[in-house]
1. For the chain, give the magnitude of the charge dipole about the Cα centre (Cβ charges: +1 Lys/Arg, -1 Asp/Glu; no others), in debye to the nearest 20.
2. log10 I(q)/I(0), Debye, Cα-only the range 92-222, no solvent, q = 0.19, 0.22 Å⁻¹?
3. Under a crude label model (7 Å from the Cα following the beta-carbon direction), how far is M198 from R146 in nanometres?
4. To the nearest 20 Debye, how big is the dipole of the range 1-90 about its Cα centre, given +1 on the beta carbon of each Lys and Arg and -1 on that of each Asp and Glu?
5. Per-residue HN-Hα couplings for the range 100-116, Karplus 6.51 cos²θ - 1.76 cosθ + 1.60 at θ = phi - 60°, whole Hz, x for Gly and Pro?
6. Given +1 on the Cβ of Lys and Arg, -1 on the Cβ of Asp and Glu, and no further charges, what dipole in debye does the range 92-222 carry about its Cα centre, rounded to the nearest 20?
7. Is the shape of the range 157-261 rounded, prolate or oblate, going by the alpha carbon gyration tensor and its root eigenvalues a ≥ b ≥ c, with a/c under 1.5 for rounded and a/b larger than b/c for prolate?
8. Looking at the chain, which longest stretch skips every one of the chymotrypsin sites (Phe, Trp or Tyr not before Pro) that is in a DSSP loop with at most 10 other Cβ atoms within 10 Å, leaving the sites themselves out?
Amino acid sequence: MRLSAGCHLSFEALAPSPLILMLRPRSGLGQRVVEEAYRFEPNYPVAEYVDTYGNLCQRLLIPEGLFYAETTVTVETPDTIDIASNAAFVPVQELPDYTLQFLLPSRYCQSDLLGDLANEIVLGIESAYGQVDAIRHWIHRHIEYRYDTSNMSTSAMETVDIRMGVCRDFVHLGMALCRSLTIPSRMVVGYLYQLDPMDLHAWFEAFVGGRWYTFDPTQAAPWGNRIAIAYGRDAADVALATQFGPLALTEMNVWVHASEP
């Protein structure tokens, strides 16, 4: 399906403030960017760079007062996600170098503390893909999706304790459990068609059978038509707006629509 998506952000700065935005998706496995545009108001100079995870970033110094950023993109995406039930573990010594960082504990994913729970969840399941999907299914069944039950600092361990959260909490827990089983996993933030209520969404990918596969613990069954914007170890790496100085995000609107070819 061809999707048109976009995001509008409004900021208010009490003084000139540095800002890093991560709003531009790139073509890759499972998506092809057809066209994109973004605008800033006021229109100040922007420096662009690629971070260590391959994310496209925009760096600027915004003026005192109101500032608006808007991005729109048209992307071709598959209607379904790839499934490989028998995909095997990749031994650590054979993993590509770039996947190794996604084996380690991170700020929100205390994988070194969740081994017992992970082994309990995957007991009797041999394939790596099957184990990750069992983790996805366990989270979907045992963690309640509920707003205002977590915050920006909630970790995977805390989610296990309170058994509630939103998509980022589901993802942090899924990745922590995978990493405890020596399965590389990375967070993805982007757009999801027909998400209700519409917002930016988070899911995760696990490296099994020699490639990345998509898993979304918030959903009962695989669901395609996703636009990935950013990848990272956890939410600290994939913030779409990172601000420095007296700057507040006052509004955010997100939309995703089917688009004619």
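1. Working: 17 positive and 31 negative charges, 51 e Å.
For the chain, the charge dipole is close to 240 debye.
2. -1.05, -1.41
3. Going from the M198 label point to the R146 one covers 2.8 nm.
4. Numbers: 6 positive and 11 negative charges, 33 e Å.
Result for the range 1-90 is approximately 160 debye, rounded to the nearest 20.
5. 5, 5, 8, 9, 8, x, 9, 3, 9, 10, 7, 4, 6, 10, 10, x, 5
6. The calculation lands at about 120 debye.
7. oblate
8. It runs 1-146.
Readers should treat all values here as calculations from the given coordinates under stated rules, not as data from a laboratory. Since the structure is predicted, the reported quantities are computational estimates derived from the model, not experimental observations. Using ideal geometry, Cβ is built from the backbone for each residue, glycine included, and neighbour counts are taken over all protein chains shown.
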